[in-house]
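*Asks:* Before I ask anything, let me first share the structure, which is written out below as structure tokens.
The values are calculated or read from the model by the stated rules, or taken from the named source; none is laboratory data. Since the model is a prediction, treat every value here as computed from it, not as a measurement. Positions of Cβ are backbone-derived with ideal geometry, glycine not excepted, and every protein chain shown enters the neighbour counts.
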Amino acid sequence: MKKSLSIAFVIVSFLLGTAVGFSQQRSASFTTEKLAENVYLVKGGLANTGFIVGESVTAIDAQMTAGDAEKMIAEIKKTTSKPITRVILTHSDGDHVNGITGFPKGLEIISSNGAKEEMAKEFKAPNAQDYFPTRTFAEKLELGTGPDKIQLSHFGPAHTSGDIVVFLPAHKLAFVGDPVFIGRDPLIHRHKGGSSAGVVKTLKALLNLDVDRFVPGHGDVLTKADIEGAMKNLEDRQQKVKQLINEGKSLDEVKQAFGIKDGPPGGMRFPSLVEVIYLEFSGKK
Ligand SMILES: [Zn+2]
């Protein structure tokens, strides 16, 4: 891919986020669902977001646009009068991050090291400099104590290079971002260092947590069985693609075997899961 084209790709991915990959339905109305004492899921916009009420409010992810972030903040204010002091970003994708400019300046913004590096390349809002993560970590970061404990873990590159899981041990609950999608192929950003092997590793790590309910970046709250099913589907697909690679099949032949048709040439698209797996295991770029 030429450099200019790859930059265009990154900009388009940044602007449209998940919208391109999945024709994700944007939900205009915002609603709040109580998941546990002091823990809430906000549905609306392009991606799930959440918040935790402690001495102050910790938001989880920031929506796609400042306008949607304002709607999310309005939901928080319906639930508590405590101030929002912190935002945790599960990963760097635009549909989870770009709305951060709708939050007040000066908040603590937490992400993994990898997500901050990706944001440095992609997050180009006019006032972006006021909204980069202020606190980052490599593998683990623990916040709060007792029932308010929040454990952040980065289990390695998966959907992107910098995905983190927000685990609330007192509630057996985790906000997991985008390594798991139900009912459709997971989106894996190779251009951000994501890989299918990494997604499997992260899903295994999720299954090892003492968690009953997993809040994905998109869709409904999931159980362990859902995560197991998603992992099995992904491993099956890896197995089938590897077999075709061993038989010496080209990428086009593998795509054909799975009935995958790309859009018209020149259009921007996210590569299919099969293509991601092929490139990953054939060692091709
Ligand atoms: Zn997403």
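*Asks:* Confirm whether G219 is within 12 Å of the ligand (Cβ to nearest atom) and surrounded by fewer than 18 Cβ atoms within 10 Å (Cβ to Cβ).
*Replies:* Working: within 12 Å of the ligand (Cβ to nearest atom): yes; surrounded by fewer than 18 Cβ atoms within 10 Å (Cβ to Cβ): yes.
Against the criterion (within 12 Å of the ligand (Cβ to nearest atom) and surrounded by fewer than 18 Cβ atoms within 10 Å (Cβ to Cβ)), G219 qualifies.
*Asks:* Failed condition for P186, given (1) surrounded by 21 or more Cβ atoms within 10 Å (Cβ to Cβ); (2) more than 16 Å from the ligand (Cβ to nearest atom); (3) modelled with pLDDT under 95, with all others met?
*Replies:* With (1) surrounded by 21 or more Cβ atoms within 10 Å (Cβ to Cβ); (2) more than 16 Å from the ligand (Cβ to nearest atom); (3) modelled with pLDDT under 95 applied to P186, the lone miss is (2).
*Asks:* If A197 passes every condition in (1) modelled with pLDDT of 95 or more; (2) within 19 Å of L46 (Cβ to Cβ) but one, which one does it miss?
*Replies:* If we test A197 against (1) modelled with pLDDT of 95 or more; (2) within 19 Å of L46 (Cβ to Cβ), just (2) comes out false.
*Asks:* If R135 satisfies every condition in (1) away from the ligand (no atom under 16 Å from the Cβ); (2) under 21 Å from G156 (Cα atoms); (3) at pLDDT below 95 but one, which is the exception?
*Replies:* (3)
*Asks:* Ok, one more. Just a yes or no: is a residue in segment 69-86 touching a residue at least 24 places away in the same chain (Cβ under 8 Å) and under 19 Å from V165 (Cα atoms)?
*Replies:* Yes, segment 69-86 contains at least one residue that is touching a residue at least 24 places away in the same chain (Cβ under 8 Å) and under 19 Å from V165 (Cα atoms).
*Asks:* Oh, and also: Every residue in segment 138-159 that is of a type outside the set (A, V, I, L, M), closer than 19 Å to K201 by Cα and without any contact (Cβ under 8 Å) to a residue 40 or more places away in the chain, please.
*Replies:* Step one: list which residues in segment 138-159 are of a type outside the set (A, V, I, L, M), which gives 139-140, 142, 144-149, 151, 153-157, 159.
When the remaining residues are screened for being closer than 19 Å to K201 by Cα, the result is 139-140, 151, 153-157, 159.
Across segment 138-159, the qualifying residues are E139, K140, Q151.
*Asks:* Being out of contact with any helix residue (DSSP H, G or I) (no Cβ under 6 Å at 6 or more places or on another chain), in contact (Cβ under 8 Å) with a residue 40 or more places away in the chain and not in a loop (DSSP other than H, G, I, E, B): is that true of A230 here?
*Replies:* Details: out of contact with any helix residue (DSSP H, G or I) (no Cβ under 6 Å at 6 or more places or on another chain): yes; in contact (Cβ under 8 Å) with a residue 40 or more places away in the chain: yes; not in a loop (DSSP other than H, G, I, E, B): yes.
So A230 passes the test.
*Asks:* Any idea which of V199, V180, V166 is within 16 Å of the ligand (Cβ to nearest atom), assigned to a helix (DSSP H, G or I) and touching a Leu at 6+ places or on another chain (Cβ under 9 Å)?
*Replies:* Exactly one of V199, V180, V166 is within 16 Å of the ligand (Cβ to nearest atom), assigned to a helix (DSSP H, G or I) and touching a Leu at 6+ places or on another chain (Cβ under 9 Å), namely V199.
*Asks:* Still on this structure, please answer the following. So which of V215, V221 ends up being hydrophobic (A, V, I, L, M, F, W, C), touching a Phe, Trp or Tyr at 6+ places or on another chain (Cβ under 9 Å), touching a residue at least 24 places away in the same chain (Cβ under 8 Å) and farther than 28 Å from E122 by Cβ?
*Replies:* Result of the check over V215, V221: V221.
*Asks:* Here is a check on your reading of the model: is A230 in contact with a Ser or Thr (Cβ under 8 Å, 6 or more places away or on another chain) and not acidic (D, E)?
*Replies:* The answer is no for A230.
*Asks:* Are any residues in segment 159-212 within 20 Å of G229 (Cβ to Cβ) and among the β-branched types (V, I, T), and if so, which ones?
*Replies:* V165, V176, V180, I182, I188, V199, V200, T202, V211
*Asks:* Would you confirm, using the coordinates I've provided, whether I110 is within 16 Å of the ligand (Cβ to nearest atom), surrounded by 15 or more Cβ atoms within 10 Å (Cβ to Cβ), under 17 Å from the mean Cα position of the chain (by Cα) and without any contact (Cβ under 8 Å) to a residue 60 or more places away in the chain?
*Replies:* Spelling it out, it is not the case that I110 is within 16 Å of the ligand (Cβ to nearest atom), surrounded by 15 or more Cβ atoms within 10 Å (Cβ to Cβ), under 17 Å from the mean Cα position of the chain (by Cα) and without any contact (Cβ under 8 Å) to a residue 60 or more places away in the chain.
Quick grid of which residues meet (1) of a type outside the set (G, A, S); (2) closer than 18 Å to G177 by Cα; (3) outside any strand (DSSP E or B):
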| site | (1), (2), (3) |
| --- | --- |
| I52 | yes, yes, no |
| M64 | yes, yes, yes |
| A69 | no, yes, yes |
| A74 | no, no, yes |
| P104 | yes, no, yes |
| G114 | no, yes, yes |
| E118 | yes, yes, yes |
| Q129 | yes, no, yes |
| P133 | yes, yes, yes |
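*Asks:* If I filter segment 82-107 down to residues being of a type in the set (G, A, S) and touching a helix residue (DSSP H, G or I) at 6+ places or on another chain (Cβ under 6 Å), which single residue comes out as farthest from the ligand (Cβ to nearest atom)?
*Replies:* So the residue we want is G102.
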